[in-house]
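Below is one structure, written out as structure tokens, with a few remarks after it.
What follows is calculated from the coordinates using simple rules that are stated; it is not laboratory data. The structure presented is a predicted model; accordingly, all values stated were derived computationally and were not measured. Glycine also receives a Cβ, built like all others from the backbone with ideal geometry; neighbour counts cover every protein chain displayed.
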Ligand SMILES: C[S@@+](CC[C@H](N)C(=O)[O-])C[C@H]1O[C@@H](n2cnc3c(N)ncnc32)[C@H](O)[C@@H]1O
């Protein structure tokens, strides 16, 4: 991926530890004015404080709780350092979500019009929306990550608001550590697929829960000769994702579809991937998603899911990893950590010997790397 | 008929929701303190926005060859400015972190008591 975002200047990129430079990331992206960028810079600096010494201190206190045999969930809530750290993290989250939503809000109609024009003009890839696709209950129960309206808010015709906000929000959330276009997960997954299935000719790829295709585009770059498809249940994110992919010159076939009931015939893809989709689903949905992955893969095809690394942590680290589950509207996150994911893959038809669960390093600067769950359908 | 003004069209867009679906966790001892913290975070961000505007103005003047008096202050790099502001406004968080890392200090009355004893230090 390009180090300097399309449309952004060298100077803007150089002064952007924030992940979001003033200007426009690409032709379909919201314009960020210098004042808005300053607000985001503040949000990132504030998060830096909370991720630094304050988090270290909370970690030390959590370790002390565990050493005493106390449950950090109970004991730590009495400690001011933990209470203030949590409250400040939540305030930071609410703040940057609001700033990014306001940036998109002031240009909502223009963004929709640009996406419409880009979609109408001839260009690579396609967009297929299906209004009969329902938002799954696990997505509708709460607004994930405390974003009011979540991925699904639609207030005008051809709305792209949640998609545009998601791009700005993800960049500010990752503080630039997941790549200039937030492509880190996709880069990691594509590299993993290459080494996991070296004998596989990767010609057709499907990305599940693609949102706006931030990871999907990394697959286009890793396998330029392949046909890349991506599905999500969110129409506004897909509209934006399609315009974004075209603006960045990548060819992706976006389709509104539920990963639990994919609209593709059996054996359609060589690789089926997802990037941080699983932790936003549910215990009941996972077996259905894995079964669909198995069904749409060709014999010998590979399934590669990238997730947040929340498993096999020591008890204090596990407690901190569960923070989002309790305080940041990620209701399935905590459950995922305790599940036998390999067992679920086997139930879906993948042979036990071929299931791999491992943590791989980030391709950029994300601390802790990513959890990869991969399996191959028998040839 | 005249086309609706930009304002009228804007008004036609329903306002964006401000409250995420899902009950808020209670993190501090009082929910009121959380409201105040949210306001302080927003206000500190506004201070940085103004600081940044000031920097940009000075930088623009300097670019145009305007010789600025020393009192105008330096047009310094922006990200470190945000970090410095955060450090000053939320200094108390750093203090908390340092205390938590150091472990519990001896209660102050105990120190007072110890120093007053004839057999004390
Ligand atoms: C955390 S985001 C994924 C981020 C994205 N993969 C990336 O790498 O940037 C989760 C996405 O999954 C989508 N989603 C959740 N459940 C889904 C399902 N059953 N089928 C398709 N998409 C789903 C949501 O709409 C949301 O866009």
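Placing R0 at 45 angstrom, the Cβ-Cβ distance between residue A:227 and residue A:56 gives a FRET efficiency of 0.45 after rounding to 0.05. Mean residue ellipticity, 222 nm, helices only, the protein assembly as shown: the sum of -39500 (n - 2.57) across DSSP H runs of n ≥ 4, divided by residue count and rounded to 500, is -15000 deg cm²/dmol. You can think of it this way: the chain between residue A:358 and residue A:326 has 9.0 nm of extra reach, that is 0.36 nm per residue less the Cα-Cα gap.
Peptides A:241-253, A:70-82 ordered by packing proxy, namely the average of other Cβ atoms within 10 Å per residue, highest first: A:241-253, A:70-82.
Available extension along the chain between residue B:13 and residue B:113 is 29.2 nm, counting 0.36 nm per residue and deducting the alpha carbon span. Note on A:45-55: average number of Cβ atoms from other chains within 10 Å of each residue's Cβ is 6.
Can you give the FRET efficiency to the nearest 0.05 for residue B:71 and residue B:50, using r as the Cβ-Cβ distance and R₀ = 22 Å? About 0.80, to the nearest 0.05.
Fewest neighbouring Cβ atoms within 10 Å first, the residues A:281, A:117, A:211 line up as A:117, A:281, A:211.
For chain A, the share of DSSP beta bridges that are antiparallel, to the nearest 5, is 35%.
Inter-chain neighbour count for A:61-68: the average number of beta-carbon atoms from partner chains within 10 Å of each residue's beta-carbon is 1.
Mind checking the angle between helix B:91-102 and chain B's longest principal axis? C-alpha axes, 0 to 90 degrees, to the nearest 10. Approximately 40 degrees, to the nearest 10.
Here each label is just a point 7 Å from Cα along the line to Cβ, and for residue B:24 and residue A:35 those points are 2.6 nm apart. Note on B:86-98: average number of Cβ atoms from other chains within 10 Å of each residue's Cβ is 5.
Measuring r between the beta carbons of residue A:283 and residue A:71 and using R0 = 22 Å, the FRET efficiency lands at 0.45.
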